[in-house]
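The values are calculated or read from the model by the stated rules, or taken from the named source; none is laboratory data. What you see is a predicted model; the values in this text were computed from it and never measured. So basically every Cβ, Gly included, is an ideal-geometry build from the backbone, and we count neighbours across all protein chains shown.
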Amino acid sequence: MTQAGSPSTRDFILVACALLIAMLGTTLPTPLYAIYQQRLGFDSSWVTIIFSIYAAGVIAALLAVGSWSDQLGRKPLLCAGLLMGVISAVIFLYADSIAGLMIGRLFSGFSAGIMTGTATVAVIELAPERWSKSATLVATAANMLGLGLGPLLAGITSQYLPDPLHLVFYVHLALLLLAIVGVIVARETVTRPEKLHLGIQKPSIPASVRSVFIPASIAGLAGFSVAGLFTCMVPSVMIHVMEQTGGLLIGAVIGLFFVASIVGQALLRWLPKQHDMTLGCLALIIGLICLGSSIATAQLMLLVLAGFIAGMGQGMVFRAGMGAVSANSPAHHKAAVTSAYFVVMYISISVPVIAVGFSVHTFGLRHVGEFFASLVAFIALLAMISMKRVQARQAVTSTGG
């Protein structure tokens with residue numbers, strides 16, 4: 001891959017904003033599901049199925065076109081991802097059935113799958129010299145901030161403004177069109193090869209990346225499992241356990257998790273690099289203990305504390321892992337490796353959602369919430385131990401021992 005133009009601050013900001021806007025749309029429906037359930041008459045298990053459709057769309061897009069921007073260029077894939085978001089928003093505007101919601105979420109998954117890998121790499125490549133050290137933070141923060149703003153925006157519009165199921169999608173549609181214009185005027189960072197070799201991406205990682213990819217994925221598994229629990233379980237916990245039904249409050253609590261993720265990412269600048277994953281996993285464990293305790297005691301403030309601490313931990317492991325994977329990826333495999341990393345992350349975020357959704361009816365929300373909080377805390381502990389062993393082996397190798 002060769003640079004097709006020198007980076008500028010304008011292009012860097014435009015693509016980062018496009019990523020934020022695209023990811024914002026993926027969490028917009030979260031506070032609205034309670035309204036959909038009342039109007040369309042379906043139970044909580046359908047929410048799980050709808051989310052599963054979204055996750056399947058993300059993973060399918062990552063595997064199908066995750067590496068295409070290494071050849072076609074970043075801009076065509078970014079425009080395609082934003083266009084998938086436009087289609088999703090239009091479908092939600094006219095959805096009057098469960099099938100409509102599922103199709104809308106499928107296209108939202110396509111949008112997220114195309115945008116995450118491609119836009120993350122594009123933001124890093126477009127970073128001007130003075131932003132080069134913070135480029136990974138900007139890319140991951142744009143991703144997380146978009147995820148956090150989605151439920152907050154939908155919570156505000158659904159609780160205080162008219163037309164709660166449609167207004168927010170009109171707003172998002174307008175933002176997506178602006179984002180497409182921004183991507184079009186931004187510079188391309190890839191020169192196309194004479195012959196294109198496009199196909200479904202095989203889940204293989206270059207040997208030079210595997211030593212950092214595997215431990216980063218283990219830690220990411222814990223971090224994104226927590227994100228999955230917050231996006232799928234917290235609204236139900238707040239409504240049915242804590243008797244909090246306000247869309248704005250639900251959106252704010254979920255949004256706080258993702259804002260805290262950005263705080264955790266930013267903190268890595270001042271933390272020793274060799275301890276970033278360990279500290280992130282510790283924060284995840286503490287946050288999950290608070291989450292389980294908040295469900296057991298029905299304490300809202302404990303849930304808020306859980307979201308902030310766990311969010312910081314998720315942000316630490318996400319940025320540390322993303323930075324390591326990106327830095328060690330060959331130039332002509334950057335988008336492919338980044339997309340493979342996000343495949344692992346989205347599988348991680350999906351499994352708890354599906355498991356919680358299908359076990360709640362049998363065991364009850366409280367017991368399921370407490371169990372999965374404990375289980376993911378155990379995974380975070382395993383991730384921390386695995387990272388320590390990898391670092392110890394690397395230290396022995398580097399000293400020739």
Residue identified as touching a Leu at 6+ places or on another chain (Cβ under 6 Å), surrounded by fewer than 23 Cβ atoms within 10 Å (Cβ to Cβ) and among the aliphatic types (A, V, I, L, M) among 59, 53 = 53
Residues (in contact (Cβ under 8 Å) with a residue 60 or more places away in the chain and polar (S, T, N, Q)) located in the stretch 338-377 | 338, 339, 348, 350, 374
Between a first residue in the stretch 303-331 that is in contact (Cβ under 8 Å) with a residue 40 or more places away in the chain and a second residue that is of a type in the set (D, E, K, R) and in a helix (DSSP H, G or I), which pairs have beta carbons less than 6 Å apart while being 6 or more apart in sequence or on different chains?
-> 316/276; 320/276
Residue among 287, 223, 246, 280 that alone is touching a residue at least 40 places away in the same chain (Cβ under 8 Å), under 27 Å from residue 151 (Cβ atoms) and over 21 Å from the mean Cα position of the chain (by Cα) = 246
Counting only residues that are surrounded by fewer than 21 Cβ atoms within 10 Å (Cβ to Cβ) and more than 20 Å from the chain's Cα centre (by Cα), the stretch 293-326 contains a total of 9
Is the stretch 28-43 home to any residue that is closer than 28 Å to residue 137 by Cβ and part of a helix (DSSP H, G or I)?
-> yes
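Looking at 378, 358, which one is surrounded by fewer than 16 Cβ atoms within 10 Å (Cβ to Cβ) and modelled with pLDDT of 80 or more? So that I can check it myself, show each step before the final result.
Details: 358 fails: modelled with pLDDT of 80 or more.
Answer to the check: 378.
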Of all residues in the stretch 71-107, how many are closer than 23 Å to residue 20 by Cβ and out of contact with any Lys or Arg (no Cβ under 7 Å at 6 or more places or on another chain)?
-> 24
Selection count, the stretch 150-208, where residues are small (Gly, Ala, Ser) and at pLDDT 80 or above | 8
If we keep just the residues of the stretch 276-327 that are assigned to a helix (DSSP H, G or I) and among the polar types (S, T, N, Q), which is nearest to residue 116 (Cα to Cα)?
-> 326
Name the residues in the stretch 205-252 that are farther than 27 Å from residue 388 by Cα and in contact with a Pro (Cβ under 6 Å, 6 or more places away or on another chain), would you?
-> 247, 250, 251
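Can you tell which of 66, 73 is touching a residue at least 60 places away in the same chain (Cβ under 8 Å) and surrounded by fewer than 22 Cβ atoms within 10 Å (Cβ to Cβ)? It would help to see each step written out before you state the result.
Details: 66 fails: surrounded by fewer than 22 Cβ atoms within 10 Å (Cβ to Cβ).
Testing whether each residue is touching a residue at least 60 places away in the same chain (Cβ under 8 Å) and surrounded by fewer than 22 Cβ atoms within 10 Å (Cβ to Cβ) leaves just 73.
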Taking the stated definitions as given, is residue 173 surrounded by fewer than 20 Cβ atoms within 10 Å (Cβ to Cβ) and either of a type in the set (A, V, I, L, M, F, W, C) or outside any helix (DSSP H, G or I) (or both)?
-> yes
Only listed residue being at pLDDT below 85, crowded, with 22+ Cβ neighbours inside 10 Å and assigned to a helix (DSSP H, G or I), chosen from 260, 216 = 216
